[in-house]
Amino acid sequence: MERIDLAVRFKDRFDNILECITTLGFILMLLCVVMQVVFRYAVHVPIPWTEEAARYFLIFVTFWGGAVAIRTREHISIPVLLDRLPKGASLFIQLIFIVAMGVFLVVVFRGSIVMTALTWNSPVGSISWLTLGRVYLILPTGTSLMLIYLVAWALEILKELHDITKAKAG
């Protein structure tokens with residue numbers, strides 16, 4: 001029982017850290033955009049790196065935030081049809097969608113690994129210490145997180161399907 005409690009606490013802590021890091025990325029993106037506007041239009045001295053930094057933070061928030069959205073089931077969905085189906089059929093269709101999302105994410109993961117390796121030393125425009133490979137590193141990490149949460153979701157659905165079939169049989 002103690003191991004289960006430890007695993008649950010670790011998962012909760014990991015989820016909180018992921019949300020905090022993603023929120024920080026959003027705040028940094030927002031600050032870059034505000035700085036860009038203020039310095040360009042109020043001070044009349046544009047800062048060249050703010051546009052690129054905001055774009056990279058947007059990529060980060062998209063992929064890591066996608067993992068948070070999958071974990072909290074807040075991704076884009078149209079539940080009208082699923083709500084009208086019997087519970088077992090609805091869960092089965094959800095499982096099909098999870099598998100489809102997983103296949104897509106595996107393809108994105110594989111492609112992002114290739115792009116990260118190919119561009120690891122390629123410089124980006126105005127941020128001299130950053131390389132495209134490091135920017136692309138956001139994709140395999142984000143898709144990995146999404147895949148982990150998809151597997152957890154699929155296991156929950158499989159357990160629910162098992163419970164439904166067990167209840168019908170018993």
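In the set (1) at pLDDT 95 or above; (2) small (G, A, S); (3) surrounded by 16 or more Cβ atoms within 10 Å (Cβ to Cβ), S144 fails one condition alone, (3). Among residues of the range 52-81 being among the charged types (D, E, K, R), touching a residue at least 40 places away in the same chain (Cβ under 8 Å) and not in a loop (DSSP other than H, G, I, E, B), the one that is farthest from Q94 (Cα to Cα) is E52. All of R55, R40 fail the test of being open to solvent by 70 Å² or more (accessible area, probe 1.4 Å), among the basic types (K, R) and over 19 Å from the mean Cα position of the chain (by Cα), apart from R40. Restricting the first residue to the range 7-34 and requiring it to be within 21 Å of I47 (Cα to Cα), which pairs with a second residue that is open to solvent by 80 Å² or more (accessible area, probe 1.4 Å) and part of a helix (DSSP H, G or I) meet a Cβ separation below 8 Å and a spacing of at least six or different chains? Close Cβ pairs (under 8 Å, with a partner that is open to solvent by 80 Å² or more (accessible area, probe 1.4 Å) and part of a helix (DSSP H, G or I)) amount to M29/L58; C32/E51. Once the range 95-124 is narrowed to residues that are open to solvent by 70 Å² or more (accessible area, probe 1.4 Å) and part of a loop (DSSP other than H, G, I, E, B), the residue that is nearest to I70 (Cα to Cα) is W120. Note on the range 107-133: residues that are modelled with pLDDT under 95 and under 18 Å from the mean Cα position of the chain (by Cα) amount to 0. Residue pairs whose Cβ atoms lie under 7 Å apart, sitting 6 or more positions apart in sequence or on different chains, and linking a residue in the range 143-170 that is among the polar types (S, T, N, Q) to a partner that is part of a helix (DSSP H, G or I) and open to solvent by less than 40 Å² (accessible area, probe 1.4 Å), are T143/L105; T143/V108; T143/S112.
Residues that are β-branched (V, I, T) and either open to solvent by 80 Å² or more (accessible area, probe 1.4 Å) or touching a Ser or Thr at 6+ places or on another chain (Cβ under 7 Å) (or both) within the range 1-16 comprise just one, I4.
The values are calculated or read from the model by the stated rules, or taken from the named source; none is laboratory data. As the structure is a computational prediction, the values presented were derived from the model and not from experiment. We place every Cβ from the backbone using ideal geometry, glycine too, and count neighbours over all the protein chains shown. Heavy atoms of the whole protein, side chains included, go into the accessibility calculation; ligands, DNA and RNA do not. Shrake-Rupley method; radii C 1.70, N 1.55, O 1.52, S 1.80 Å.
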